[in-house]
Amino acid sequence: MSSPAQLTRLSFCKPLGAAVFAMVLAGCAQQKTSGYYDTPHDNTMTDAQMQAQGRDVARAPSQIQLGFGNENEKANKQQSPQQAAESTAVKARALAEPKTFLGTVPCLANAGPACSASRVTLTLAPAGQWRARTVLLDHPDAKNNIVQQGCWNVVGTQPLRIVLQMANEATKANLSFVNDNVLRINMINDIKPTLDYHLTRQQDIDPIDEISSQAPLQCE
């Protein structure tokens, strides 16, 4: 039979044990991180980016407007036609710096064996001028070269397309940019090729000095 002292100790130990057990559970719960029960991300690329930038980075909602598209359109509408044309030329990356293109074009006039293929050198200037040298491959002497100049104008944007106009406003060629370094010939000397012919950008600029004695054109 238990003594009164033993009963007292047992009665005291039960609430004490319950309190200790509750403290242990509370300690385990505190060891869980704040995101312990969060659903794991299934996008490993996003996780890697967030880890690199910090977990507190905020994801930008898709409806945020960047704010530079409409403003540019409004500004262009307020410009004069000449300013708008100059702005278009500047914004055309492919035309933002002087470039020289070179390519060989077969005879497109169907004039028989006497019609020679030609090597065309074309230099474009950002201010709107162009110069061209056409070398007849069957008669490559410099005296037979055809040297011309004029103004280019943007007539399309998808893809970027330009026309080469001469001083008398006759059209020399219609060209499309395949990329910044390659031109496709859509029309040349009023003839539309049935096959694709291209002019490729050259490393060095050819100023085509044979025509430098002529007065430079003022291209708008």
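Residue selection: Leu183 satisfies the criterion of being surrounded by 15 or more Cβ atoms within 10 Å (Cβ to Cβ) and within 24 Å of Glu97 (Cα to Cα).
Across the stretch 100-118, the qualifying residues are those that are polar (S, T, N, Q) and modelled with pLDDT of 85 or more, and the one among them that is nearest to Asn145 (Cα to Cα) is Ser118.
Within the stretch 182-213, which residues are in contact (Cβ under 8 Å) with a residue 40 or more places away in the chain and not β-branched (Val, Ile, Thr)? The answer is Leu183, Asn189, Pro193, Tyr197, His198, Leu199, Arg201, Gln202, Asp204, Asp206, Pro207, Glu210. When His139 is tested against (1) over 26 Å from Ser212 (Cβ atoms); (2) out of contact with any strand residue (DSSP E or B) (no Cβ under 8 Å at 6 or more places or on another chain), just one condition goes unmet, and that condition is (1). Screening the stretch 195-217 for residues that are among the β-branched types (Val, Ile, Thr) and within 10 Å of Arg131 (Cα to Cα) and picking the one that is modelled with the lowest pLDDT gives Ile211.
This table checks each residue for (1) more than 14 Å from Leu183 (Cα to Cα); (2) surrounded by fewer than 19 Cβ atoms within 10 Å (Cβ to Cβ); (3) among the polar types (S, T, N, Q).
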position	(1), (2), (3)
Leu124	no, no, no
Gln129	yes, yes, yes
Leu136	yes, yes, no
Lys143	yes, yes, no
Cys151	yes, no, no
Gly156	no, yes, no
Leu160	no, no, no
Val163	no, yes, no
Glu169	yes, yes, no
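Of all residues in the stretch 128-141, those being touching a residue at least 12 places away in the same chain (Cβ under 8 Å) and over 20 Å from Ala94 (Cβ atoms) number 7.
The values are calculated or read from the model by the stated rules, or taken from the named source; none is laboratory data. Being a predicted model, the structure only gives us computed values, none of them experimental. Counting neighbours? That spans all protein chains shown, and the Cβs are built from the backbone with ideal geometry, glycine included.
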